[in-house]
Amino acid sequence: MEARLAVLASGEGTNLQALLDDPEVGARVALVVSDRPGARALERARRAGVRAELLDPAAFPDREAHERALLELLAREGITHVALAGYMRVLGPTVVDAYRGRMLNIHPSLLPSFPGAHAVRDALAWGVKVTGVTVHLVDEEVDHGPIVLQEAVPVLEGDDEASLLARLHEVEHRLYPAAVRALLEGRLEVRGRWVRILEAARG
Ligand code: GRF
């Protein structure tokens, strides 16, 4: 079956852009979904000629109805894999279960340190000398699933949130396409919390 990727994003969408710009991954992005009206990610999708859908939670009676609509949309579009790219909502068990082993998230810290929505700020506040980027499979817990790729980024003297985030982004934009490529090509071997990335076939 041909892989069809959906990217879920709430904000700027620079990671979405990195996925769109990767020739192999970009060709597989079939749908972009956002929960925020006006999210820059939607604009990036449209500009790339990719279907962009807004599912505004305010238009649904409750969280379950919003997630049902999301699942229906993914099914309707024949989505086989999902990449969360700055999607600021916690996904419930039904969505997680439907895409178990086929859904990735990217997070701007070396998990399990600094999970949550303010990872960069929290790392700076803690005074760590090294932080980084984590790509992991999504499970029921926030920023928790098996780790696929990680890379360290030093915290420099005088760093503020913006300067550190800029360096984290550089790493994110390289790591995420690589991890998503491996996922789409079926090259992730998962044993419990351990993930091995199998080498790509030479062609
Ligand atoms: C990234 O730092 C990602 O790690 C986190 O949210 C941010 C999204 O940035 N999950 P962008 O919208 O891709 O620019």
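The values are calculated or read from the model by the stated rules, or taken from the named source; none is laboratory data. Remember, predicted model here, so these are calculated numbers, not experimental data. Methodologically, a virtual Cβ is constructed for each residue, glycine included, from the backbone with ideal geometry; neighbour enumeration extends over all protein chains shown.
Some observations on this one:
- In summary, Ala18 fulfils each of the numbered conditions (1) within 25 Å of Ala119 (Cα to Cα); (2) out of contact with any strand residue (DSSP E or B) (no Cβ under 6 Å at 6 or more places or on another chain); (3) touching a residue at least 40 places away in the same chain (Cβ under 8 Å); (4) assigned to a loop (DSSP other than H, G, I, E, B) with the single exception of condition (4).
- Subset of the range 60-69 (residues that are out of contact with any His (no Cβ under 8 Å at 6 or more places or on another chain) and either surrounded by 11 or more Cβ atoms within 10 Å (Cβ to Cβ) or closer than 19 Å to Tyr99 by Cβ (or both)): Arg63, Glu64, Ala65, His66, Glu67, Arg68, Ala69
- Of the listed requirements (1) among the hydrophobic types (A, V, I, L, M, F, W, C); (2) within 22 Å of Ala6 (Cβ to Cβ); (3) without any contact (Cβ under 8 Å) to a residue 60 or more places away in the chain, Leu165 misses just one: (2).
- Contact annotation: residue pairs with Cβ atoms under 6 Å, 6 or more positions apart or on different chains, pairing a residue in the range 42-70 that is charged (D, E, K, R) with a partner that is modelled with pLDDT of 95 or more and surrounded by fewer than 11 Cβ atoms within 10 Å (Cβ to Cβ), are Asp56/Pro37.
- The range 15-25 - residue that is within 15 Å of the ligand (Cβ to nearest atom) and out of contact with any Asp or Glu (no Cβ under 8 Å at 6 or more places or on another chain) and, of those, nearest to Leu54 (Cα to Cα): Leu16
One line per residue, one yes/no per condition, for (1) within 14 Å of the ligand (Cβ to nearest atom); (2) over 22 Å from His107 (Cα atoms); (3) surrounded by fewer than 17 Cβ atoms within 10 Å (Cβ to Cβ); (4) over 14 Å from the mean Cα position of the chain (by Cα):
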residue	(1), (2), (3), (4)
Leu5	no, no, no, no
Leu8	yes, no, no, no
Ala27	no, yes, yes, yes
Arg47	no, yes, yes, yes
Val50	no, yes, no, yes
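- Residue match in the range 55-66 (condition: of a type outside the set (Ser, Thr, Tyr), within 13 Å of the ligand (Cβ to nearest atom), touching a helix residue (DSSP H, G or I) at 6+ places or on another chain (Cβ under 9 Å) and assigned to a helix (DSSP H, G or I)): no
Listed here are the residues, each with its yes/no results for (1) modelled with pLDDT of 95 or more; (2) of a type outside the set (Lys, Arg).
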| site | (1), (2) |
| --- | --- |
| Glu2 | no, yes |
| Gly13 | yes, yes |
| Val25 | yes, yes |
| Arg47 | yes, no |
| His66 | yes, yes |
| Leu73 | yes, yes |
| Glu77 | yes, yes |
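- Elements of the type strands (runs of 3 or more DSSP E) sitting completely within the range 75-164 and holding at least 2 residues that are polar (S, T, N, Q) and surrounded by 16 or more Cβ atoms within 10 Å (Cβ to Cβ): these cover 130-137.
- Residues located in the range 29-41, provided they are touching a residue at least 12 places away in the same chain (Cβ under 8 Å) and more than 11 Å from the ligand (Cβ to nearest atom): Val29, Ala30, Leu31, Val32, Val33, Asp35, Pro37
- Pick from the range 165-203, criterion in contact with a Pro (Cβ under 7 Å, 6 or more places away or on another chain) and β-branched (Val, Ile, Thr), ranking: surrounded by the fewest Cβ atoms within 10 Å (Cβ to Cβ): Val190
- Only one of the listed residues (Met88, Met103) is in contact with a His (Cβ under 9 Å, 6 or more places away or on another chain) and either closer than 17 Å to Tyr176 by Cα or aliphatic (A, V, I, L, M) (or both). That residue is Met103.
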